[in-house]
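Read through the structure below, which is laid out as structure tokens, and then see the notes.
Throughout, read-outs are computed from the coordinates displayed, never taken from laboratory work. Everything quoted here is computed from the prediction, not taken from an experiment. Cβ placement follows ideal geometry from the backbone for every residue including glycine, while neighbour counts extend to all protein chains displayed.
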Amino acid sequence: MSDVLVLNRKFYAINITTWQKAISLLFIDHARVVDEEYNTYSFADWKDISKHISRQPAGFVHTPTLKIAIPEVIILKFYDSLPPMDIKFTRKNIYEHYNYRCCYCGRKKEMSELNLEHVVPVSRGGMTDWLNVVTACIPCNVKKGCRTPEEAGMKLIAQPSKPKWRGPVSLCFKSGIKLKASWQKFIDTVYWNTELE
């Protein structure tokens with residue numbers, strides 16, 4: 001089974017969803033399947049086309065009465081906005097922003113070997129936000145304790161910062177999902193049409 005690329009009404013990649021959610025959106029007529037030629041198909045159309053598809057990279061959903069091909073790309077019928085351009089302050093996003101490295105010793109670690117580290121400790125008025133939280137391995141975190149880096153004699157090799165939103169092109173790369181050939185033209189369109197800084 002497979003993930004599905006979601007486009008807004010303007011054919012702009014905005015999300016990656018599960019095949020179950022994609023089929024649900026098709027069934028309730030909130031989305032259509034998109035093929036490589038940019039043709040779109042309703043659930044009924046796709047159900048009929050699926051009867052004639054013998055091989056589908058994403059696979060098929062089988063029920064007692066039908067076989068339907070899992071689409072690789074769908075387009076939403078009623079949504080033409082872009083996703084929020086702000087990166088959420090989540091544990092996963094913080095780890096990804098610092099590339100799973102300790103911001104003190106620079107070593108790359110597994111998630112289980114990293115902590116979130118307040119550069120200015122909360123007990124000293126430090127905030128829990130992008131500009132005060134970094135990743136630290138457990139030994140460095142313990143060594144620093146409730147002190148500032150200067151007081152602990154430690155130096156940050158990566159300064160706290162808020163990551164920049166890079167547009168939908170980052171959907172595939174950030175989530176670790178393998179880019180499919182059928183998605184390439186939509187991702188390329190985003191890449192070539194995204195405003196440079």
- request: Just order 32-40, 58-66, 3-11, 112-120 by mean Cβ neighbour count inside 10 Å, highest at the front, would you?
  value: 3-11, 112-120, 32-40, 58-66
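Does the range 91-152 come out rounded, prolate or oblate by the C-alpha gyration tensor, with a ≥ b ≥ c the root eigenvalues, rounded set by a/c under 1.5 and, if not, prolate when a/b is larger than b/c and oblate if not?
Details: a/c = 2.15, a/b = 1.33, b/c = 1.61.
It is oblate, given that a/c is not under 1.5 and a/b is not larger than b/c.
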query: Can you pick out the pairs among K21/K67; K47/K67; K88/K155; K67/K180; K88/K162; K92/K164 whose Cα atoms lie more than 19 Å from each other?
result: K88/K155; K67/K180
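I need the calculated FRET efficiency for the pair N132 and S24, taking r as the beta carbon distance and R₀ as 30 Å, to the nearest 0.05. List each step's numbers first, then the result.
Details: r = 40 Å, r/R0 = 1.35.
Result of the calculation: an efficiency of 0.15.
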